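Take a look at the structure below.
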Amino acid sequence: MLTSTPVSEASIIHALRQARTPEALATSKLLKRGIIRLKLVPTDPLKKGAAGRYFFGSREIQLALDQLHSPGEAAGFVAHETRHYLQRITSQTYKLIHEFEAYQWQRSADETFQLSDQQIWQHIRSHPLYKSVPE
């Protein structure tokens, strides 16, 4: 794992390739080909403490560097947000199941993300970020 390497687009792509899962490799290809645009920002501009954000209807994923500890963890968040891109969700169609699937992708790309499916559901249902997201 790349724990002492600074988080950058190159280190994230490297971590995704090292994960060697279909989800991580797909995410890496989408980044490398420019289909997904990654923007690294110092902090979450919406001040909600989110490490990653996908903007519905766009190809942009934003990562807040102050929330990330390693390229491997960042790779997981990029995979999570990339799953949202692939879901083609809108603010009208967005549901908790989309988050569940995105967390599964995150788990496949970040070996430090160890939540089980049941724990993912508990997290989604209790986290303030998702309180207004319908079932």
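The values are calculated or read from the model by the stated rules, or taken from the named source; none is laboratory data. Keep in mind it's a predicted model, so treat the numbers as computed, not measured. Positions of Cβ are backbone-derived with ideal geometry, glycine not excepted, and every protein chain shown enters the neighbour counts.
Go over the candidates Phe56, Phe100 one by one and state the one that is aromatic (Phe, Trp, Tyr), over 22 Å from Ser8 (Cα atoms) and not in a loop (DSSP other than H, G, I, E, B). Working first, answer last.
Values: Phe56 fails: not in a loop (DSSP other than H, G, I, E, B).
The unique qualifying residue is Phe100.
Could you please find all residues in the stretch 91-111 being touching a Phe, Trp or Tyr at 6+ places or on another chain (Cβ under 8 Å) and farther than 15 Å from Tyr130 by Cα?
Gln106, Arg107, Asp110
For the stretch 103-122, give me each residue that is hydroxyl-bearing (Ser, Thr, Tyr), part of a loop (DSSP other than H, G, I, E, B) and under 18 Å from Ala50 (Cα atoms). Steps first, answer last, please.
So the first thing to find is which residues in the stretch 103-122 are hydroxyl-bearing (Ser, Thr, Tyr), and the list is 103, 108, 112, 116.
Going one step further and asking which of them are part of a loop (DSSP other than H, G, I, E, B), we end up with 112, 116.
Listed by number, the list holds a single entry, Thr112.
Would you check which residues across the stretch 47-57 are in contact (Cβ under 8 Å) with a residue 12 or more places away in the chain and either charged (D, E, K, R) or touching a strand residue (DSSP E or B) at 6+ places or on another chain (Cβ under 9 Å) (or both) and list them? It would help to see each step written out before you state the result.
Of the stretch 47-57, the ones in contact (Cβ under 8 Å) with a residue 12 or more places away in the chain are 48-54, 56-57.
Lys48, Gly49, Ala50, Ala51, Gly52, Arg53, Tyr54, listed by residue number.
Here are Phe55, Phe100, Phe113: which of them is out of contact with any Leu (no Cβ under 7 Å at 6 or more places or on another chain), more than 23 Å from Pro22 (Cα to Cα) and surrounded by fewer than 23 Cβ atoms within 10 Å (Cβ to Cβ)? Before the answer, list the steps.
Details: Phe100 fails: more than 23 Å from Pro22 (Cα to Cα); Phe113 fails: more than 23 Å from Pro22 (Cα to Cα).
After ruling out the rest, the residue left standing is Phe55.
Is there a residue being of a type outside the set (Asp, Glu), farther than 26 Å from Pro6 by Cβ, without any contact (Cβ under 8 Å) to a residue 24 or more places away in the chain and in a loop (DSSP other than H, G, I, E, B) anywhere in the stretch 26-46? Write out each step before concluding.
Let us first name the residues in the stretch 26-46 that are of a type outside the set (Asp, Glu), namely 26-43, 45-46.
Then drop every residue that is not farther than 26 Å from Pro6 by Cβ, which leaves none.
Within the stretch 26-46 (the criterion being of a type outside the set (Asp, Glu), farther than 26 Å from Pro6 by Cβ, without any contact (Cβ under 8 Å) to a residue 24 or more places away in the chain and in a loop (DSSP other than H, G, I, E, B)), the answer is no, since none of the residues qualifies.
Restricting the stretch 73-97 to residues that are small (Gly, Ala, Ser) and surrounded by 21 or more Cβ atoms within 10 Å (Cβ to Cβ), which is nearest to His14 (Cα to Cα)?
Pass one, the stretch 73-97, residues small (Gly, Ala, Ser): 74-76, 79, 91.
Keeping just the survivors that are surrounded by 21 or more Cβ atoms within 10 Å (Cβ to Cβ) gives 74-76, 79.
On the way: Ala74: 11, Ala75: 9, Gly76: 12, Ala79: 13 Å.
Looking at residues that are small (Gly, Ala, Ser) and surrounded by 21 or more Cβ atoms within 10 Å (Cβ to Cβ), I get Ala75.
Please go through the stretch 59-87 and give me each residue that is modelled with pLDDT under 95 and assigned to a helix (DSSP H, G or I), ordered by number.
Leu65, Asp66, Gln67
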